Amino acid sequence: MRKWRRRARTVRLRFTVLYGVMFLLSGVGLLAITNLVGLGGTRVAQPATPGTPPVEPTTLTAAFDRIAWLQAQLSDTHAAQSRQLLIGSAVALAVMGVVSVVLGRVIAGRVLRPLRMITTAARRISADNLHERLAVQGPADEVKDLADTIDELLERLEGSFAAQRRFVANASHELRTPLATMRASLDVALAKPEPVPAQTAALADRLRTELDQVDRLLEGFLMLTRTQHGALADRTTLSLSRLATAALNARTTDIAAKSLTIHSGSIHSLGTADDSAWTQGNRTLLTRMIDNVIDNAITHNHQGGWIRLAATTDGTTARLVVETGGRIFDQEQVDRLAQPFQRLGADRTRSDNGSGLGLSIVAAIAAAHGGALDLRARPEGGLRVAVSLPLAAMPAKVPA
């Protein structure tokens, strides 16, 4: 019902109804004038009652009777013609009404075709392909003016996005130099032969920790900028199961420190033959994406918790699902985790030493590869992180 209401409000339908109604009103008016004129011409004076024709006139009275009979016959003939004209006009009006609606829909479709093309092209353009333009061809009319205006708007948006990305990349690169200088100065100060006061050493450790945090933040900015540029060079076929297994193997110390239990659904050891969740993409970016998901599951887990991983396929999509236990979260808060600097609760603001860009980088990398990130709050408590990517065929020669 709602779909019909939306369709009923389309411009094409309004044009069709307007065209049809105007045609019908014009036809009704034309037929009314025609019938009034025709009926006016059929009026005769002193109509006589029809009957059998009188005999040949032999007297003046008989002649008048003959004339009256002829007038009655003529009146009946005109009345029959008027009825036929009215019926024919009604039939013609109905037929032309149907024809007018069909023609109105066709004409409205042709008039609105450029607008539909503009709408389709505008929906296809996003932040990842702002370089595309509508480029509508045709006469300089209102539709072309609208398309040219949208193209100019897209050009300004592309320039704004490019300037923003260049600023983030340049600022991140430029800030690395003073950070490196500050870290080197701390190391030199602590390496002096004189005894370093305990308070100074503690302050240096605190500063080094903060510098590491800023360095991770800048690295996240650079990764976001690289991903959002859409430059996916060196595409190769990779296994989500193998990337997740490698990430887990590289973090065995962190997992043991928190006494976490790993439940692997379809995550197998390296070299397993039934590994089917393969996709195509940049190895560096996909590795960083999986690392961020695993790091998020480890860092934001509680002592003695668990992590469940599964790499699955559904025929067209390769999916990596990572679930963790914990307290119950609000889904509205979870939905915001894919945005930069968003965290869950006060326990995720300072104690995790994170930059707040982990899942936003995951979402950006997944989108750059034609996939998506889905975050769900588990009803039992904890989070469910699912990364979906286009499925690729397993290579004939699986790398070791």
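Computed from the coordinates by the stated procedures, all read-outs in this text should not be read as laboratory data. The shown structure was predicted, so the numbers you read here are calculated from the model rather than taken from an experiment. Reconstructed Cβ throughout: ideal geometry from the backbone, glycine too, with neighbour counts over all protein chains shown.
Table for the structure above
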item	result
Computed E for ASP295/ASP148 - FRET, C-beta separation, R0 45 angstrom, nearest 0.05	0.40
Residues ARG336, ARG251, ARG123, sorted so that the one with the fewest Cβ neighbours within 10 Å comes first	ARG123, ARG336, ARG251
Order of LEU389, LEU85 under a 10 Å beta carbon neighbour criterion, fewest first	LEU85, LEU389
Calculated log₁₀ intensity ratio I(q)/I(0) where the Debye formula runs over C-alpha points of the stretch 142-228, q = 0.14, 0.16, 0.21 Å⁻¹	-0.66, -0.76, -0.96
Ordering of 186-197, 92-103 by packing [mean C-beta count within 10 Å, highest first]	92-103, 186-197
5 angstrom amide H check on THR317, placed H, neighbours 5+ away	LEU391
Net charge over other residues, Cβ less than 13 angstrom from the Cβ of LEU207 (K, R count +1; D, E count -1)	-2
Distance between modelled label sites at HIS302 and ALA122, nm, 7 Å Cα→Cβ extension	5.0 nm
Distance in nm between pseudo-label sites at LYS192 and ILE328 (7 Å out along the Cβ direction from Cα)	5.8 nm
